[in-house]
Amino acid sequence: MPACPICDRHFSTHNIESHVNLCLTKASSSGMDEDKPSPTLPSPPGWSQAAFHTHVLSSSKRPRPSTPQRHDEAPSKDAHTPKRHDHRQLNATRPMAERMRPTCFDDVLGQDELLGPDKPLRRLLESGHIPNMILWGPPGCGKTTVAMLLAKQKKDSQRFVALSATTAKLAHVREVFEKAVNEAQLLGRQTILFVDEIHRFSKLQQVSHSAVEAGMITLVGATTENPSFELNAALLSRCRVFVLSKIQPDHIQHLLRRAARDAHYDCISALHKSIRGSDGDAALYWLGRMMQGGENPLYVARRLIRVASEDVGLADAHALPLATAPKSVEVYKAYKRVKQTIDQGNDPDVPLHLRNAPTKLMESLNYGKEYKYNPDYEDGAVDQTYLPPELVGCEFLQAKNWVHKKE
C-alpha cells in the first residue's frame, strides 16, 4: 500500500488521495511548516514559495475545506490585504543581488561557452532533459542563478527544493529524500534538489544518493571547490560537471552599460514630463544631465519635436519665426548654471513618478506611480515636482524680464 508523504502512514489506493488532502489541510491550519523552518535559499523569480515545501503534493484541483463563517460576522473586504502588503514589503527588502538576478538564460553574462546559443548546458536545459549536475566555479559567476532559472523553467512539471549545505542537517536531507521518493511513487512527479556549497556536505550526507541512482531525484550541486577532491567518488560519477568561468571586466562593463540604458530612458522621460508641466528649471536640468552624460544631441532634438507635436500642438502654431522673434540669452545663462550644478558631482536619481513604465516589471517597481498627467487637469495646472528632492527650489531661469525686441 502507498504511504502518505506527510505522515508516512499507509493507506489503500482508493483512500490515499482523500487522506493526503486531509493531511495538507491539517498542516496548513496547525502551522506545520512554521514550526521547523527549512534552511532554504531565496526563491527564484516567478517561483511560488509554496513550491519549496513538501506539502504542495496535492496535484488534484479539489478545493481545501475552509472554516465556515459565522452568520453574525460581516465578511471583511480587506481580509487578504495584509498578506499582499507583506509580500510587497518582503520584495522591497530583498538584497539587490536577488532583485537584479537574471530572469532568463540570455541575461546571464560570462558563461557563453555553456549557456550561449546551441551550447551544451543550454541545449540540455531547453530540451527538458535535466541530468544530475555539478556547477563548479568561483563565487559570483552565476551558479545559483542557473539553478534558479532551471527551477523557473521546470516549475510546472517538477518540484524544486533548494538547500544550503552550510546549514542543512543530515536529518533534514534524509527527510527531503524520503518525501521525494514518496512523491515519485505516489504522484509520479520528480524532484529537483539544488544544493548550494555541496562540498560542505559531510561524507555521510553525500552517500545518501540511492534516490539519485533510481532517478527519483535530479541533483544539481554548486561548489567553489574542485569536486574531484571534495565530493564522494560514487556521487560524482553520477553527475556531469559543468565549469563556470570567472566574470571578466568586459562583462561588468556590459552590465554597467545595460544599467545606464535605463537612465537614458528615465532622463528623457523626465525631460518630456517637465516640459509638459511647464517647469523650465526642471526641463533645463534634465537636458543638462543628458548632454553632460554624452547623450546624442540628435536624439534629444527628435524627442523635442515629438514634445512639440504631442504636448504643444496647435496651442502655438508659429513655425520658427527666428528673424523677427524676441531675443533672450537667459536660456544660455541658465544652461551654464545647470552645468555647474552637474559638475559638482551630485547626480540624484530620476524620481520614480517621472519614469516611464512600459512593462509590468517597471510598474511593480513603482515607475510612474502617482504621476499626474497634465492634460487631465483644468488648464494643465498640477501641483507636482519635476526636480529630484535634492534640487527642489533651484532656479536656473533667474531673469525677471527675459525678452528684448528690436524696435
### Message
Which order do the peptides 280-291, 157-168, 374-385, 226-237 come out in when sorted by mean C-beta neighbours inside 10 angstrom, highest first?
### Response
280-291, 157-168, 226-237, 374-385
### Query
Taking amide H positions as placed 1.01 Å from N in the peptide plane, with prolines and chain starts having none, which residues 5 or more places from residue 368, or on another chain, fall under 5 Å of its amide H?
353, 354, 355
### Task
Could you tell me the distance between the Cα centroids of the stretch 267-296 and the stretch 120-143, to the nearest Å?
44
### Task
Hey, can you grab everything whose amide H is under 5 Å from the amide H of residue 221? Only 5+ residues off in sequence or another chain; H modelled, so Pro and N-termini drop out.
133, 134, 135, 195
### Message
Per residue of the stretch 221-233, what does 6.51 cos²θ - 1.76 cosθ + 1.60 with θ = phi - 60° give for ³J(HN,Hα)? Whole Hz please, x for Gly and Pro, Karplus curve as stated.
### Response
x, 10, 8, 9, 9, 5, x, 4, 9, 9, 10, 4, 4
### Query
What residues have an amide H closer than 5 Å to that of residue 192, excluding those fewer than 5 places away on the same chain, when H is modeled at 1.01 Å from N in the peptide plane?
159, 160, 161, 218
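Read-outs: derived from the displayed coordinates by stated rules, not from any lab. Computed from a predicted model, the values in this text were never measured in an experiment. Because the Cβ atoms are built from the backbone with ideal geometry, glycine has one as well, and the counts that use them run over all protein chains shown.
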